[in-house]
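Accompanying notes for the structure given below.
The values are calculated or read from the model by the stated rules, or taken from the named source; none is laboratory data. In this text, all values refer to a predicted model and were calculated from it rather than measured experimentally. We place every Cβ from the backbone using ideal geometry, glycine too, and count neighbours over all the protein chains shown. The protein model used for the area step is the full one, side chains on, heavy atoms only, and it has no ligands, DNA or RNA in it. Shrake-Rupley method; radii C 1.70, N 1.55, O 1.52, S 1.80 Å.
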Amino acid sequence: MRYPTMMAGDASTYLQAKRAGNQVDVESLARFSGSGDEFDSSFLQPLRTALTKLMASFPEGIKSKSDPKANGFEGKASRVIHESLTVGSEVLADPEFWIWLAVTHFPDVIEWRYRYGKEDCAAQLGNYGVGSRTENLLYRLWLRAELVLDEEAADRYHLADSGQIDFYRSHLFRQGYANARNFARALLQFQYPKKSNPTEPKLKLLEIRDLVKRLRRMRSNLFLEILPEEECRAVIEAEAAVVVAN
């Protein structure tokens, strides 16, 4: 598939110029990767409509980094983005596609998420994927849903509302569980077991950090990618018991 991309340097130049009040044609910065069939962009308008509707359901916006509404928005937005993006795996794996998507089509979403209601505040360039792929808001939210997707459930996104933003960043994304969805689901459900309050953690901050360190050391001896979810949960609970006992 031949699909659009944008280099991080071009994105940075454009965003800085735009914030300085200069006019730059963002479409002229797009490049193309791959070959074969043309890119199907029909998902863009439904995704735009869905995200606009979702933002409208948070009329006060997100006021600070610690605002609990931030996690509520991200949980729901991860579902919307993952459902909408039906492009191929080669496209989803390309960080420059995500930069193009963020800069060209959804800068308002990113600014709304990170301005914290202040007109003189702007989202960091990393939130567009400049300098850090996993900080690209759209990619990060897609990955949130991808990691905990439950194909056997009636609602395969039922876990996307569980957990907190920092948990995903520190204990799922940075630990490389992208190919171990069973383990990611097990860890999420262990740390956030309450259906009545799916953002209330079980272990304290230092405890979950110690647990993840122990689990990371075990990866050299365990093939997490092939372990059933029940066995993943048993491993996590055994290691957690050691952490809590200490």
When restricted to Lys69, Lys65, the only residue part of a helix (DSSP H, G or I), open to solvent by 20 Å² or more (accessible area, probe 1.4 Å) and assigned by the TED database to the domain that holds Ala123 is Lys69
Taking first residues from the range 103-130 that are not assigned by the TED database to the domain that holds Trp142 and second residues anywhere that are acidic (Asp, Glu) and at pLDDT 95 or above, the pairs with Cβ under 8 Å that are 6 or more apart or on different chains are none
Taking Glu74, is it touching a residue at least 40 places away in the same chain (Cβ under 8 Å), of a type in the set (Asp, Glu) and surrounded by fewer than 17 Cβ atoms within 10 Å (Cβ to Cβ)? no
Margin query: Regarding the range 167-186, can at least one residue be identified that is over 11 Å from the mean Cα position of the chain (by Cα), of a type in the set (D, E, K, R), over 19 Å from Lys65 (Cβ atoms) and assigned to a helix (DSSP H, G or I)?
Written below: yes
Listed by first then second residue, the pairs whose first member lies in the range 164-191 and is open to solvent by 40 Å² or more (accessible area, probe 1.4 Å), whose partner is modelled with pLDDT of 90 or more and assigned to a helix (DSSP H, G or I), with beta carbons under 6 Å and at least 6 positions apart or on separate chains, are Gln164/Asn71; Asn182/Glu229; Asn182/Cys232
Of the conditions (1) in contact (Cβ under 8 Å) with a residue 24 or more places away in the chain; (2) touching a Leu at 6+ places or on another chain (Cβ under 7 Å), the single one that Asp10 does not satisfy is (1)
Selection from the range 119-157 of residues of a type in the set (Val, Ile, Thr) and more than 17 Å from Phe173 (Cα to Cα) yields Val130
Restricting attention to the range 10-37, the residues that are farther than 25 Å from Ser89 by Cβ, small (Gly, Ala, Ser) and in contact with a helix residue (DSSP H, G or I) (Cβ under 8 Å, 6 or more places away or on another chain) number exactly 1
| task | Look at Asp108 and say whether it is over 16 Å from Pro4 (Cα atoms), open to solvent by 40 Å² or more (accessible area, probe 1.4 Å) and assigned to a helix (DSSP H, G or I). | result | yes
